[in-house]
Amino acid sequence: MFINHTKHKAASYRNKLCMLISACSLLLAVSCKTEHLVPNAKEAVKDINGTWSITSATLNGSELLSLPDAMTHLSAFNITFADGKYTLSNPVPFIVSTDGEYVFNDPQYPLDITFKATGAAKEAKSSFVFPVVEGKRRITLTFSPGCDRNIYKYTFKKIN
Amino acid sequence: MKKSLQNTRKKLIRYVTLFMFILLLSNCEFVINSIVQPKTANAGDQITATLDANFRVDGAQTNRIIVGILAPKSWKLGQNTTISYTSIKGNGVLTLIPASEVAASAKNGENWATRMRNKLGIGPNYIDDMEWVPFRTTTSLTAVGEDVKAVFTIKMKVGVDGLNTSVKLGYIVCNNTDGLDDGSPNLWPVKYADCLEVAGTGDLIDYCNPALSVINPVKSLDNDYQSISFDNTIIKTALQGEQDIYICATAHTSDGKNITVCGREDRSRLQQTATNKFSITLWPRGYFKVDASQTITSIDYTFTDETGAKIVGVGNTEVPFVLKFNCN
């Protein structure tokens, strides 16, 4: 009687163990299911086509727009980008002084932009930042058109 | 009665302890005791400045110590300076803090150099062509409620631009946790040395004394914006009391041409920046309308009144000031 009872108890434990292993296996199997949450999309190429004018300008950290425009003439300056080419209107101190071509280091994730003025011997490279301000894109360029310790930072907004 | 006395004594002890604790907390202070620095040097020389400071701390503090130095930008102090220190907490060296590191207590994400510049400007100097260069100890130092004295030995090459210069160098100390905290200026003492005269070549760039006319940036090319100021408060000039002041300038180009703009027109009129202080900012290439092939090498200029009869030049004479375009 005692032996039978022990046997019965052992069988009961085995059953419980089997059920536990099955449950764990089921959980493991379920947990292996992969969810495809990230859409398989490519980062867009940055489009800067259009005409841009200055919205902020500093020289060595000092604000230039607070000076009279009659001195700086910054308000009239603009740059038009069109499919790899750029044109300048009403020049001011800038990374290039004549029209030409531009190229990004990486069209999808640009960190810098290189300007090549037509006929110029050298290319000129500026850091490129493309933030969104009040729902609209801005372009911020940092460069030195004169002495390399004079750092200019111009931020542009698109005007058309 | 006895119990009441005991209670009063207990309360007294508690309040006195609390008061002492508050006193201790508000007692944190750094002090620059002295700056010992030579008064003269030759351009390109290495000079040694000794900064003696005390760091009075409460509780347990573990921090890196930061030393900032104000100097002309063209000296490139970040590349030409080594700093070591001795203290009862050990000896060591300081290294340049990378520009990518945001300063402690900087609300707009400024780096250490910009934070120091925003809080301290150019100190007692007169030409705004200077930079704060931040260094910090390579290891953290721990102090527990004590007053730690440290001596920093700063070896720096001065006047690497080779120019005649007189300047008041500035020194600041702080720690890397509090930085230049707005609410606790006692944790970032600053001291300026006496005028250091550096003998080099060319016209003296005098940061120490006010000048009739100052240019900014000091080093520029014709494709840079150039600010030219006129301070009519230093000495009695022919233009005393005048409010309408104009610049009369001649540009000299690399192909030997002289281009003069001397009309009393709006673009030549100086803007008043303070009482009897004036300034004009111009882009030389645009102002003198030079061709793409031309380069302006220098500009001679004087200040005049509306009639052009009253003229002020260098040293309060009618001899023009000279602005040379170069980067070195």
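The values are calculated or read from the model by the stated rules, or taken from the named source; none is laboratory data. Quantities reported herein were computed from a predicted structural model and do not represent experimental measurements. So basically every Cβ, Gly included, is an ideal-geometry build from the backbone, and we count neighbours across all protein chains shown.
Among the residues of region B:217-233, are any away from chain A (no Cβ under 14 Å) and surrounded by fewer than 18 Cβ atoms within 10 Å (Cβ to Cβ)? Explain how you work it out, then say what you get.
Step one: of region B:217-233, the residues away from chain A (no Cβ under 14 Å) are B:230-233.
Applying the additional criterion that residues be surrounded by fewer than 18 Cβ atoms within 10 Å (Cβ to Cβ) yields B:233.
The answer is yes, given that some residue of region B:217-233 is away from chain A (no Cβ under 14 Å) and surrounded by fewer than 18 Cβ atoms within 10 Å (Cβ to Cβ).
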Taking B:Phe230 as meeting all but one of (1) without any contact (Cβ under 8 Å) to a residue 60 or more places away in the chain; (2) assigned to a strand (DSSP E or B), write down the number of the exception.
(1)
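Look through A:Ala70, A:Ala57 and report the one residue that is facing chain B (nearest Cβ under 10 Å), part of a strand (DSSP E or B) and closer than 30 Å to B:Ser227 by Cβ.
Details: A:Ala70 fails: part of a strand (DSSP E or B).
Result of the check over A:Ala70, A:Ala57: A:Ala57.
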Could you tell me which numbered condition A:Cys18 fails, if it satisfies all but one of (1) at pLDDT 90 or above; (2) over 30 Å from A:Val132 (Cβ atoms); (3) out of contact with any strand residue (DSSP E or B) (no Cβ under 8 Å at 6 or more places or on another chain)?
(1)
I need every pair where a residue in region A:138-151 that is within 13 Å of chain B (Cβ to nearest Cβ) and within 12 Å of A:Lys125 (Cβ to Cβ) has its Cβ under 8 Å from the Cβ of a residue that is surrounded by 17 or more Cβ atoms within 10 Å (Cβ to Cβ) and not hydroxyl-bearing (Ser, Thr, Tyr), sequence separation at least 6 or different chains.
A:Thr142/A:Lys153; A:Phe143/A:Phe94; A:Phe143/A:Ile95; A:Phe143/A:Ala124; A:Ser144/A:Asn150
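Looking at region B:264-288, which of its residues are among the basic types (Lys, Arg) and within 11 Å of another protein chain (Cβ to nearest Cβ)? Show your work before the answer.
Taking region B:264-288 as the starting set, the residues that turn out to be among the basic types (Lys, Arg) are B:264, B:267, B:269, B:277, B:285.
Those that are among the basic types (Lys, Arg) and within 11 Å of another protein chain (Cβ to nearest Cβ): B:Arg267, B:Arg269, B:Arg285.
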Selection count, region B:233-265, where residues are farther than 14 Å from B:Asp305 by Cβ and outside any loop (DSSP other than H, G, I, E, B):
9
Residue, surrounded by the fewest Cβ atoms within 10 Å (Cβ to Cβ), within region B:121-138, restricted to residues that are within 14 Å of another protein chain (Cβ to nearest Cβ) and either out of contact with any Pro (no Cβ under 7 Å at 6 or more places or on another chain) or not in a strand (DSSP E or B) (or both)
B:Gly121
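Identify all residues within region B:90-120 that are under 18 Å from the mean Cα position of the chain (by Cα), in a loop (DSSP other than H, G, I, E, B) and at pLDDT 95 or above; write none if there are none.
We begin by selecting, within region B:90-120, every residue under 18 Å from the mean Cα position of the chain (by Cα); these are B:96-97, B:99, B:103, B:110-120.
If we keep only those that are in a loop (DSSP other than H, G, I, E, B) as well, we get B:97, B:99, B:103, B:110.
Answer for region B:90-120, where residues must be under 18 Å from the mean Cα position of the chain (by Cα), in a loop (DSSP other than H, G, I, E, B) and at pLDDT 95 or above: B:Ile97, B:Ala103.
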